[in-house]
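Peer 1: Please find one structure pasted underneath; my questions will follow.
The values are calculated or read from the model by the stated rules, or taken from the named source; none is laboratory data. Source: prediction; values computed, not measured. Using ideal geometry, Cβ is built from the backbone for each residue, glycine included, and neighbour counts are taken over all protein chains shown.
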Amino acid sequence: MIELVDCAEEHRWLLHRWRSSPEVARQMLDDGGISRTVHNAWYTRLLQDGDRHGWVVTDDGRPVGACFLSAINATDRRAYFGMYVAEPESRGRGVGRAALRLLCDRAFTEHGLHKLCCQVLASNEVAVQLYRREGFTHEGTLREHVWRDEQWVDVHQMALFARSWSQSRAALTDGAADHRTEGAPG
Ligand SMILES: CC(C)(COP(=O)(O)OP(=O)(O)OC[C@H]1O[C@@H](n2cnc3c(N)ncnc32)[C@H](O)[C@@H]1OP(=O)(O)O)[C@@H](O)C(=O)NCCC(=O)NCCS
């Protein structure tokens, strides 16, 4: 079963290891390696600041990835999210989709957001497709925004609104619930 566990002190250096892995780092907008010092300061803010929240994704209790809300704006009820499934053997098995659904649930119910945004490299076809299938729409493209793998890469801005989430959630409840969040084997 896929679950989200609040990021805690015990996860500080696990997330550094994950964030530093090439498969995750190359999909981040700010690739270039992340030093222990930078990570340490970032993680302390993650645990302390009210405008962000982090969760470790667990699969039958085993930590396999992480997801985050950042720039949580209480006035505009808007935030950005980021996520990764860090353990390679856990990718492509529905973990990312299940974690994203749980993250949306937290964002729209617990945090009461109106709009959930993300920025994703246009070259990251797996993530772009996943977000589209979960109802995120394309709002615009930042052209040649990052230098990656010896070329300029566009960045897509995508968003999901609470009303769309409520509709798709109702459809899931009506019979198409994701089995990965209900305890069935992957
Ligand atoms: C993007 C990511 C979170 C997706 O999680 P995942 O657990 O691998 O994805 P899922 O198994 O839930 O599959 C989601 C969709 O992607 C497809 N997919 C997954 N891995 C794929 C691959 N290697 N090639 C092609 N399609 C793939 C699945 O078939 C599924 O598509 P569907 O909607 O047609 O069924 C994960 O691959 C990851 O962490 N990648 C590295 C970091 C990253 O890109 N983070 C996002 C930055 S914005």
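Peer 1: If you go through the stretch 139-165 one residue at a time, how many are exposed (fewer than 14 other Cβ atoms within 10 Å of the Cβ), more than 19 Å from residue 25 (Cα to Cα) and not charged (D, E, K, R)?
Peer 2: Going through the stretch 139-165 one residue at a time, the tally reaches 2.
Peer 1: List the number of the failed condition for residue 169; all other conditions in (1) within 14 Å of the ligand (Cβ to nearest atom); (2) among the basic types (Lys, Arg); (3) in a helix (DSSP H, G or I) hold.
Peer 2: Result: residue 169 fails condition (1) only.
Peer 1: Just wondering, is there one or more residues in the stretch 103-122 that are at pLDDT 95 or above, within 19 Å of residue 20 (Cα to Cα) and either in contact with a Gly (Cβ under 7 Å, 6 or more places away or on another chain) or of a type in the set (A, V, I, L, M) (or both)?
Peer 2: Checking the stretch 103-122: at least one residue is at pLDDT 95 or above, within 19 Å of residue 20 (Cα to Cα) and either in contact with a Gly (Cβ under 7 Å, 6 or more places away or on another chain) or of a type in the set (A, V, I, L, M) (or both).
Peer 1: Determine whether the stretch 115-132 contains at least one residue that is of a type in the set (A, V, I, L, M), in contact (Cβ under 8 Å) with a residue 24 or more places away in the chain, under 23 Å from residue 7 (Cα atoms) and assigned to a helix (DSSP H, G or I).
Peer 2: yes
Peer 1: Every residue in the stretch 118-153 that is more than 8 Å from the ligand (Cβ to nearest atom), within 19 Å of the chain's Cα centre (by Cα) and charged (D, E, K, R), please.
Peer 2: Residues satisfying the conditions are 132, 134, 139.
Peer 1: Okay, next question. Go over the candidates 74, 66, 86 one by one and state the one that is over 20 Å from residue 169 (Cβ atoms) and surrounded by fewer than 17 Cβ atoms within 10 Å (Cβ to Cβ).
Peer 2: Within the list 74, 66, 86, the selection yields 74.
Peer 1: Being within 13 Å of the ligand (Cβ to nearest atom), of a type outside the set (Gly, Ala, Ser), on the phi < 0 side of the Ramachandran plot and within 14 Å of the chain's Cα centre (by Cα) narrows it down to one of 64, 56, so name that one.
Peer 2: None of the others qualify; the one that does is 64.
Peer 1: From the set of residues in the stretch 9-34 that are of a type in the set (A, V, I, L, M) and not in a loop (DSSP other than H, G, I, E, B), which is surrounded by the most Cβ atoms within 10 Å (Cβ to Cβ)?
Peer 2: 15
Peer 1: Please go through the stretch 44-74 and pick out each residue that is among the hydroxyl-bearing types (Ser, Thr, Tyr) and touching a strand residue (DSSP E or B) at 6+ places or on another chain (Cβ under 8 Å).
Peer 2: 58, 70
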